[in-house]
Amino acid sequence: MTKKGKHTICIHEGEIKDTQFGGAVSPIFMASSYEYLDADPMRYPRYFNTPNQEVLGKKIAALENAEAGLPFASGMAAISTTLLAFLSKGDHIVLTNEIYGGAFNFVVEEFDKMGIEYSFTNGVGVDDFEEKIKANTKVIYIETPSNPLLTITDVKAVANLAKKHGLVSMIDNTFASPINLTPLDFGIDISMHSATKYLGGHSDILAGLVAGSTEHINTIFQKGKNLGGNLSHMISYLLERSIKTLAIRVEKHNSNAQTIAEHLEKHSAIAKVYYPGLESHPNHNTAKAQMHGFGGMLSFELRKGLDAAEFQKKLKLVKPSLSLAGVESTILQPSLTSHALLTPEQRKAVGISDSLLRFSVGIENVDDIIGDVEQALKLI
Ligand SMILES: *Cc1c(COP(=O)(O)O)cnc(C)c1O
């Protein structure tokens, strides 16, 4: 049978048939204790194999064109477990310099204690990764589009580099979601998500998902049952429910973000827009070649003299908020949050100006979002 379309996978893949009552949705199986005599597999929530957990493994595998998948209690549980599954004392990992703050903290605060070596790249070109590879390197780790500058890494080039050196390649695919980027198609080994973001999509659950080959997923499973960052039945159900509308939500995120990016780029109050769907984006062609859509995240800088904090206070519809990727539009100023501990000079060195705003474009009517931005710009 030919592979089903993304929308159909989102709605139906892995669903549990309610054979008892004929209900239209997967029932929630609350048990944490299961019969074990003659049972194969023996079910237990920490073994990732309760019925509602299994739905998610199958769904993310199908969405990522992978053989298998696993659900976790958070994005960081997925990322930390996956890293530790492939790294032991004496090993080395090369990571992108444009990495999510939580993943950065995990590496720099924990790896020394475990005797795991790491290097961050100086850029996202394939040469930047290759120059950091050492004899004991085991893993290459990328993230694209990056946070908050939406930098694009060439996933195929990195996957090929990893293959050439016999390394496991991993991607944090949270920003693109599996609707906009399917990195295994380009040879990446393992794709990871904070399902708290687009997969959950409604700013109300914490979860993580991982997809890869059966062999890689089994390695992650072996580590995961020891670390115990498993997803509960209730949240598994809510995540299944959320993913049913993932493809249709992401399509709307994509089109709204494209419209807003083009609008802002022409605007006299805006100094710069970062969005991979704009032709002015330095990696637009790479993005076009590897992504099915350019995503709902964009960043922009206000013209000199305009106060970014004041601007956020004047917004009525768009909420200043720490998280991202919900159905509602949210905005965040990195210089006040993720990059607050750096000096203005240090921020400048990593390309984060004090007037930079990261915009998580929601799926409201695009005219309403633009209208809100316009009225706020007039007031500052
Ligand atoms: C939020 C996020 C994470 C961490 O996920 P949690 O669900 O908060 O643990 C990892 N990577 C990216 C890109 C994120 O945005």
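Being more than 22 Å from the chain's Cα centre (by Cα), in contact (Cβ under 8 Å) with a residue 12 or more places away in the chain and open to solvent by 50 Å² or more (accessible area, probe 1.4 Å): is that true of E310 here? Taking the combined requirement at face value, the residue satisfies it.
Does K378 count as modelled with pLDDT of 95 or more, of a type in the set (D, E, K, R) and open to solvent by 40 Å² or more (accessible area, probe 1.4 Å)?
On the way: modelled with pLDDT of 95 or more: yes; of a type in the set (D, E, K, R): yes; open to solvent by 40 Å² or more (accessible area, probe 1.4 Å): yes.
Criteria met by K378.
Considering Q53, Q20, the condition of being surrounded by 20 or more Cβ atoms within 10 Å (Cβ to Cβ), among the polar types (S, T, N, Q) and away from the ligand (no atom under 16 Å from the Cβ) is satisfied by Q53 alone.
The number of residues in region 276-307 that are over 21 Å from the mean Cα position of the chain (by Cα), under 22 Å from V126 (Cα atoms) and open to solvent by less than 50 Å² (accessible area, probe 1.4 Å) comes to 0.
Of the residues making up region 85-135, those that are among the hydrophobic types (A, V, I, L, M, F, W, C), under 22 Å from the mean Cα position of the chain (by Cα) and either in a loop (DSSP other than H, G, I, E, B) or not assigned by TED's automatic domain parsing to the domain that holds G75 (or both) are L87, I99, V124. Within the set E240, E262, the sole residue that is touching a residue at least 12 places away in the same chain (Cβ under 8 Å), more than 15 Å from the ligand (Cβ to nearest atom), farther than 30 Å from L87 by Cα and open to solvent by 20 Å² or more (accessible area, probe 1.4 Å) turns out to be E262.
If you go through region 170-191 and keep only what is at positive phi and surrounded by 24 or more Cβ atoms within 10 Å (Cβ to Cβ), you end up with just S177.
Inside region 327-380, residues that are within 20 Å of N256 (Cα to Cα), of a type in the set (S, T, N, Q) and assigned to a loop (DSSP other than H, G, I, E, B) make up a count of 2. Within region 228-237, is even one residue aromatic (F, W, Y), on the phi < 0 side of the Ramachandran plot and out of contact with any strand residue (DSSP E or B) (no Cβ under 8 Å at 6 or more places or on another chain)? Within region 228-237 (the criterion being aromatic (F, W, Y), on the phi < 0 side of the Ramachandran plot and out of contact with any strand residue (DSSP E or B) (no Cβ under 8 Å at 6 or more places or on another chain)), the answer is yes, since at least one residue qualifies.
Can you name every residue in region 77-132 that is of a type in the set (G, A, S) and open to solvent by less than 50 Å² (accessible area, probe 1.4 Å)? So that I can check it myself, show each step before the final result.
Within region 77-132, the first condition is being of a type in the set (G, A, S), and the residues that meet it are 77-78, 80, 85, 88, 90, 101-103, 115, 119, 123, 125.
Hits for region 77-132 are A77, A78, S80, A85, G90, G101, G102, A103, G115, S119, G123, G125.
Taken over region 192-209, the residue count meeting the criterion of being open to solvent by 10 Å² or more (accessible area, probe 1.4 Å) and more than 12 Å from the ligand (Cβ to nearest atom) is 2.
Report yes if A73 is among the small types (G, A, S), open to solvent by 10 Å² or more (accessible area, probe 1.4 Å), under 20 Å from G14 (Cβ atoms) and more than 12 Å from the ligand (Cβ to nearest atom), otherwise no. Spell out how you get there, then give the answer.
Details: among the small types (G, A, S): yes; open to solvent by 10 Å² or more (accessible area, probe 1.4 Å): yes; under 20 Å from G14 (Cβ atoms): yes; more than 12 Å from the ligand (Cβ to nearest atom): no.
Considered against the rule, which asks whether it is among the small types (G, A, S), open to solvent by 10 Å² or more (accessible area, probe 1.4 Å), under 20 Å from G14 (Cβ atoms) and more than 12 Å from the ligand (Cβ to nearest atom), A73 comes out as no.
Restricting region 65-84 to residues that are of a type outside the set (A, V, I, L, M, F, W, C) and under 16 Å from K197 (Cα atoms), which is nearest to the chain's Cα centre (by Cα)? Spell out how you get there, then give the answer.
Of all residues in region 65-84, those of a type outside the set (A, V, I, L, M, F, W, C) come to 65, 67, 69, 71, 74-75, 80-82.
From what is left, the residues that are under 16 Å from K197 (Cα atoms) are 71, 74-75.
Values: P71: 14, S74: 11, G75: 8 Å.
Per the stated criteria, the residue is G75.
If you go through region 196-253 and keep only what is part of a helix (DSSP H, G or I), over 24 Å from I28 (Cβ atoms) and among the hydroxyl-bearing types (S, T, Y), you end up with T214, T219. Taking A176 as the residue in question, decide whether it is of a type in the set (A, V, I, L, M), within 24 Å of L199 (Cα to Cα), touching a helix residue (DSSP H, G or I) at 6+ places or on another chain (Cβ under 7 Å) and within 14 Å of the ligand (Cβ to nearest atom). Answer is no for this residue.
Restricting attention to region 340-359, the residues that are within 18 Å of A271 (Cβ to Cβ) and either open to solvent by less than 70 Å² (accessible area, probe 1.4 Å) or not aliphatic (A, V, I, L, M) (or both) total 12.
Taken together, the criteria exclude V327 from residues that are farther than 23 Å from G123 by Cα, open to solvent by less than 70 Å² (accessible area, probe 1.4 Å) and in contact with a strand residue (DSSP E or B) (Cβ under 9 Å, 6 or more places away or on another chain). Determine which single condition V273 fails, assuming it passes every other condition in (1) crowded, with 17+ Cβ neighbours inside 10 Å; (2) in contact (Cβ under 8 Å) with a residue 40 or more places away in the chain; (3) part of a strand (DSSP E or B). It fails just one condition, (2). Of the numbered criteria (1) open to solvent by 20 Å² or more (accessible area, probe 1.4 Å); (2) more than 28 Å from P51 (Cβ to Cβ), the one I235 fails is (2).
The values are calculated or read from the model by the stated rules, or taken from the named source; none is laboratory data. Predicted, not measured: the structure shown is a model, and the values here were computed from it. Note: ideal-geometry Cβ built from the backbone for every residue, glycine included; neighbour counts use all protein chains shown. SASA here: full protein model, heavy atoms, side chains in, ligands and nucleic acids out. Shrake-Rupley method; radii C 1.70, N 1.55, O 1.52, S 1.80 Å.
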